Amino acid sequence: MKKIILISFLLIGAIVAQGQYNSLGLYNPHFTFNKAELLPSKLGTNKSKVEFRVLPNAYIYAGNSLMAIDHILYPNTKKIDDAINGLDGDAIFGSSLEVPSLAFSYKFGKTEELFTMSLSNKTRVLANATIGDNFLKLLWNGNKQFEGQTIDLGNFRFNTLAATEIDLGAAIPFSIGENLDLRAGITLKYLLGMTGSSLEETSTTLETAEGGKYINLDNLNYSASFSEIDGESTFSGKGFGVDLGVTLVVKEKDISASVALLDIGSVNFSGNTKTYLGSANFNFEGVIVDNVFNIDNVQPDSVFVEGIKGDSIIGESFSVSLPTRLVIQVEKNIMSKAGKNSKEYIKHGIYLTYIQGLKNTAGSTKRSYFSGGYSYSLKNILNVGPTINYGGYSGFGLGMFLSVKAGPFRIGGGTNTGLSYLLFPGSAKGVDFSFMTSWSIGSKKEKKSAPSIN
């Protein structure tokens with residue numbers, strides 16, 4: 001029965017664990033809104049005066065660090081044995097479902113850009129869970145494997161957040177030399193929290209005596225907070241956040257380097273909240289039974305010398321941190337010209353990206369994420385390219401993206417991990433898909449600064 005329960009847990013984890021980073025927006029020059037979500041200084045790095053989005057976009061990801069997706073969807077005991085017994089550290093599950101909808105940006109300046117501003121909103125559903133390796137081994141194989149040992153069951157924590165976000169962004173170019181430009185960007189965020197939860201990191205030790213004479217569980221202390229949706233109020237929390245970024249451009253080489261710090265802030269929940277506080281220290285020495293034919297003679301007090309103590313508090317506020325991340329990217333572009341007016345566009349783009357989560361919280365992990373991408377543009381009408389990724393929640397991934405432009409309208413999609421799932425189903429731990437749209441109108445001549453597209 002316990003193995004059926006654990007298999008069910010892993011299946012649910014595979015379905016709801018969404019949370020790698022949508023790096024596809026960084027590599028496709030058709031979509032500057034998506035690029036600016038990870039690098040705010042990239043806002044307005046095209047030649048369009050106005051850009052807007054009216055159709056909902058989406059990024060959906062499923063993955064984990066424990067097992068291949070194929071093994072979770074089609075499980076057997078050997079596959080789970082190999083995954084759990086091969087663990088050397090915590091297993092992580094993440095979630096980051098984002099649905100951007102309305103967005104608008106405007107570039108100020110007559111002949112040269114003075115600055116670009118944007119207003120946008122999106123819905124975010126984020127989650128992060130950590131489960132210790134020894135705890136999973138205990139659930140799967142029981143405690144006999146730990147006979148005569150005192151083990152650390154590992155860390156256990158989770159955070160969830162569902163919120164509507166309203167963003168006000170700005171990017172300003174600066175000329176700092178004959179061949180160097182600097183571009184700074186900032187995004188101010190106001191978040192309306194729908195629901196959230198937080199269990200701060202906790203751990204405990206388990207002692208199994210020789211021969212199984214007794215079991216001791218020591219030093220388990222926990223504080224878990226929840227904000228529930230009650231149907232009367234859509235939002236039970238609010239918060240603020242900020243993204244900061246800079247881009248340095250070597251104009252003659254069409255090379256740029258960008259650094260950003262994202263999601264500095266938190267959401268505070270004060271409505272319809274409940275907090276559970278508790279501690280546990282107990283010793284299990286078996287059950288004393290005077291007569292096996294009469295369960296009334298079982299002495300329940302012999303089960304736990306010390307038990308679990310807990311309490312709940314209603315109405316106490318708590319906060320869920322935003323997924324603060326450091327993003328570094330180097331970009332090399334090879335330009336070309338197309339159309340009647342010989343407009344310049346990015347024909348080839350090469351990108352290297354590093355993302356480091358600063359917290360293990362909803363939407364991010366401290367496990368480093370490395371990504372590379374290449375884009376090829378056919379006269380700025382069709383963009384296509386591969387991506388390769390490693391780290392984060394699910395490790396190795398191969399993907400690709402494709403987009404087309406019809407007048408002012410652009411539409412595209414892609415995946416960071418889909419190719420690795422098709423090629424290596426026995427080892428791929430993530431599957432994702434993104435859908436992107438935008439409209440760009442009004443073109444103006446500018447001095448050459450950041451590599452741009454029409």
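The values are calculated or read from the model by the stated rules, or taken from the named source; none is laboratory data. Fair warning: this is a prediction, and the values are worked out from it, not measured in the lab. Glycine also receives a Cβ, built like all others from the backbone with ideal geometry; neighbour counts cover every protein chain displayed.
Summary of values
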| quantity | calculated |
| --- | --- |
| Filter result (assigned to a strand (DSSP E or B) and at pLDDT 85 or above) within segment 403-431 | S403, V404, K405, A406, F409, R410, I411, G412, G413, G414, T415 |
| Extreme residue, farthest from the chain's Cα centre (by Cα), among residues of segment 158-184 that are over 16 Å from L244 (Cβ atoms) and among the charged types (D, E, K, R) | E178 |
| Hits in segment 92-117 (condition: at pLDDT below 85, among the hydroxyl-bearing types (S, T, Y) and in a strand (DSSP E or B)) | S95, S96 |
| Filter result (buried (at least 20 other Cβ atoms within 10 Å of the Cβ) and at pLDDT 90 or above) within segment 365-379 | Y369, S371, G373, S375, S377 |
| Scope segment 328-364; condition crowded, with 20+ Cβ neighbours inside 10 Å and either outside any strand (DSSP E or B) or under 13 Å from the mean Cα position of the chain (by Cα) (or both); matching residues | I355, G357, N360, T361, A362, G363, S364 |
| Count of segment 199-217 residues which are touching a Phe, Trp or Tyr at 6+ places or on another chain (Cβ under 6 Å), among the hydroxyl-bearing types (S, T, Y) and either closer than 16 Å to G278 by Cα or surrounded by fewer than 17 Cβ atoms within 10 Å (Cβ to Cβ) (or both) | 1 |
| Leading residue by the ranking (farthest from the chain's Cα centre (by Cα)) among those in segment 77-91 that are within 16 Å of S427 (Cβ to Cβ) and assigned to a loop (DSSP other than H, G, I, E, B) | G86 |
| Residue, farthest from T130 (Cα to Cα), within segment 88-102, restricted to residues that are in contact with a Pro (Cβ under 9 Å, 6 or more places away or on another chain) and among the polar types (S, T, N, Q) | S101 |
| Strands (runs of 3 or more DSSP E) wholly inside segment 147-262 containing at least 2 residues that are under 30 Å from Y106 (Cβ atoms) | 156-175, 180-202, 237-250 |
| Close pairs from segment 400-411: first closer than 10 Å to S375 by Cβ, partner in a loop (DSSP other than H, G, I, E, B), Cβ under 6 Å, at least 6 apart | F401/N28; S403/N28; S403/H30 |
| Residue count, segment 92-128 (criterion: of a type in the set (G, A, S) and over 22 Å from F433 (Cβ atoms)) | 3 |
| Any chance L136 is over 30 Å from L248 (Cα atoms), part of a strand (DSSP E or B) and either within 28 Å of the chain's Cα centre (by Cα) or touching a residue at least 12 places away in the same chain (Cβ under 8 Å) (or both) | no |
| Any hit, segment 74-82, residues being farther than 21 Å from I186 by Cβ and either polar (S, T, N, Q) or surrounded by 24 or more Cβ atoms within 10 Å (Cβ to Cβ) (or both) | yes |
| Count of residues meeting criterion [over 30 Å from T202 (Cβ atoms) and either in contact with a Leu (Cβ under 6 Å, 6 or more places away or on another chain) or among the small types (G, A, S) (or both)] in segment 354-380 | 5 |
| Hits in segment 365-385 - residues which are under 11 Å from Y351 (Cβ atoms) and either within 22 Å of the chain's Cα centre (by Cα) or of a type in the set (G, A, S) (or both) | S371, G372, G373, S375, G385 |
| Helices (runs of 4 or more DSSP H) fully within segment 7-73 counting 1 or more residues that are among the hydroxyl-bearing types (S, T, Y) and at pLDDT 90 or above | 24-27 |
| Selection from segment 432-454 of residues that are over 30 Å from A83 (Cα atoms) and modelled with pLDDT of 85 or more | F435, M436, T437, S438, W439, S440, I441 |
